[in-house]
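Novice: Take a look at the following structure, please.
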Amino acid sequence: MDRAGALAGAVAARGGPRLPAVEWAESLVSTSDRLKALARGGAPEWTAVLADRQTGGRGREGRAWVSPPGGLYLSVLLRPRFERVGLVPLAAGVAVAEAAGELGVPTELKWPNDVLVSGRKLAGVLAEAASGPSGVEWVVLGIGVNVSLDATEVPEEIRATVTSLGAEGAPGAEPADVAARALVRLGLCYDALRSRPGEVLAAWRARAVRWWGEEVEARTGGGTVRGRLLHLDEDGALVLEVEGGERRRLVSGEVARLRPAGGA
Ligand code: BTN
């Protein structure tokens, strides 16, 4: 059996979702670009695309995702038929964090779904969706995990901000095993979103970086907002208190602490 088939078998054997089609390439520009093309062509839910390396890996907010061999580059297609679709990206972060936890690597989540170890980035999720007249038609979740990272492959300017499973106490971790664990966990979170979305929110909140009450700066499509971080609401939006006491809900963007711990 090839490794794509082996992955589908491993996920099913652990009680995870049935993967109707899995492609695993040596190299792709971006697994998410490939899967979006399949999604537009009508591919079924849980179709997955993986690559050993990406030449044009994409991150959130238009950033590049450095994708040398040794990482996990996985995209999976979902076609949610429930109301709380907005929570799918958070669920993906929880699933990846849980998979790392199974390998003995404790992580934290930074909204919406950055997976961190001691403030360094271990994994990230890029959620891209398309809508039609009846709502969201598909979501492609692109998951990148630094499994064993050769530091020399990472541009010097971001080297200090990233880490890997290998560096955090799981030196034997393999992309295929991490993929299977993440997909099984994602299946559980996805089922929960249908009828028990509060469980996913609780799991996310339990893993969130402890920035509540602190001053943050959020970069959103509409500009930059500064305020005190209050909480994650029931729709997965981050709520800030801005100057004057007004509350602002963030549904997308990037958040940074203004005075990181240890700073002046
Ligand atoms: C982030 O910026 O944190 C999200 C990174 C997402 C990277 C993954 S790797 C697999 C998939 N293909 C891509 O081009 N991006 C995502």
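The values are calculated or read from the model by the stated rules, or taken from the named source; none is laboratory data. All values derive from a computational prediction rather than experimental measurement. The area values use the complete protein model at the heavy-atom level, side chains included, leaving out ligands, DNA and RNA. Shrake-Rupley method; radii C 1.70, N 1.55, O 1.52, S 1.80 Å.
Novice: As a check on your grasp of the helix formula, calculate [θ] at 222 nm for the chain: sum -39500 (n - 2.57) over DSSP H runs of n ≥ 4, divide by the residue count, round to the nearest 500.
Specialist: It lands at -8500 deg cm²/dmol.
Novice: Report the relative contact order of region 178-262, percent, no decimals, based on alpha-carbon pairs under 8 angstrom and at least 6 residues apart.
Specialist: With pairs under 8 Å counted, the relative contact order is 22 percent.
Novice: Output wanted: per-residue J couplings in Hz (rounded whole) for region 3-12, from phi through Karplus 6.51 cos²θ - 1.76 cosθ + 1.60, θ = phi - 60°, x for Gly and Pro.
Specialist: Per residue, the Karplus-derived 3J(HN,Hα) values read 6, 5, x, 5, 5, 4, x, 5, 5, 5 Hz.
Novice: What does the C-alpha gyration tensor say about the overall shape of region 1-150? Classify as rounded when a/c is under 1.5, otherwise prolate if a/b is larger than b/c, or oblate.
Specialist: Cα axes put region 1-150 in the rounded bin.
Novice: Right, next: If you project the alpha carbons of region 142-248 onto their three principal axes, what span does each projection cover, largest first, in Å?
Specialist: Answer, in whole Å and largest first: 51, 42, 24 Å.
Novice: How big is region 73-112 by the Kirkwood estimate over distinct Cα pairs, in Å?
Specialist: Kirkwood hydrodynamic radius for region 73-112: 11.5 Å.
Novice: Just need log10 I(q)/I(0) for region 12-87 at q = 0.18, 0.26 Å⁻¹, Debye formula, equal scatterers on the alpha-carbon atoms, no solvent, rounded to two decimals.
Specialist: Debye curve over Cα of region 12-87, log10 I(q)/I(0) at q = 0.18, 0.26 Å⁻¹: -0.80, -1.19.
Novice: Moving on to the next point. Roll a 1.4 Å probe over the protein chains and send me the accessible area per residue for the chain in Å².
Specialist: Accessible surface, normalised per residue, equals 46 Å².
Novice: A follow-up question, please. Using the Karplus curve 6.51 cos²θ - 1.76 cosθ + 1.60 with θ = phi - 60°, work out ³J(HN,Hα) for each residue of region 153-166 in order, rounded to whole Hz, and write x for Gly and Pro.
Specialist: Couplings: 7, 9, x, 4, 5, 10, 3, 6, 9, 10, 9, 9, 4, x Hz.
Novice: Moving on to the next point. Given Cα positions, please report Rg to Rh for region 77-228, the hydrodynamic radius being the Kirkwood one.
Specialist: 0.98
Novice: Remind me, relative contact order of region 1-155 in percent, using alpha carbon pairs under 8 angstrom and six or more residues apart?
Specialist: After rounding, I find 20 percent.
Novice: Here is a follow-up. Once you keep just the Cα pairs under 8 angstrom separated by 6 or more residues, what percentage relative contact order results for the chain?
Specialist: This gives 17 percent for the chain.
Novice: Could you run the Karplus curve 6.51 cos²θ - 1.76 cosθ + 1.60 with θ = phi - 60° over region 110-120 and give me ³J(HN,Hα) per residue in whole Hz, x for Gly and Pro?
Specialist: 10, 3, x, 7, 6, 9, 10, 10, 6, x, 9
Novice: Can I ask one more? Relative to 2.2 N^0.38 Å, what does the C-alpha radius of gyration of region 179-220 come to as a ratio? Two decimals please.
Specialist: Relative to the 2.2 N^0.38 Å estimate, region 179-220 comes out at 1.53.
Novice: Further question on the same structure: Considering amide H positions built from the backbone, and no H for Pro or chain starts, which residues 5 or more places from R58, or on another chain, come under 5 Å of its amide H?
Specialist: Amide H neighbours of R58, under 5 Å, 5+ apart: W65.
Novice: Okay, next question. Given a 1.4 Å probe and every protein chain left where it sits, what share in percent of the accessible area of the chain is carbon and sulfur?
Specialist: 50 percent
Novice: Sticking with this structure for a sec: Could you work out, for region 1-56, what percent of all Cα-Cα pairs fall into each 10 Å distance bin, beginning at 0 Å and stopping at the bin that holds the largest distance?
Specialist: 24, 49, 26, 1
Novice: Near the amide H of D114, under 5 Å away, which other amide H atoms are found, from residues 5 or more places off or on another chain, if H is placed in the peptide plane?
Specialist: none
Novice: Determine Rg/Rh for region 187-245; Rg is computed over alpha-carbon atoms and Rh is the Kirkwood hydrodynamic estimate from the same atoms.
Specialist: 1.06
Novice: Restricting attention to the alpha-carbon atoms of region 54-94, what are Rg (one decimal) and Dmax (integer), both in Å?
Specialist: For region 54-94, the Cα-based Rg and Dmax read 13.1, 37 Å.
Novice: Rounded to the nearest whole Å³, what is the per residue volume of the convex hull around the Cα atoms of region 134-187?
Specialist: 125 Å³
Novice: Report, in cubic angstrom per residue, the convex hull volume of the C-alpha atoms of the chain.
Specialist: Taking only Cα atoms, the chain has a hull volume of 136 Å³ per residue.
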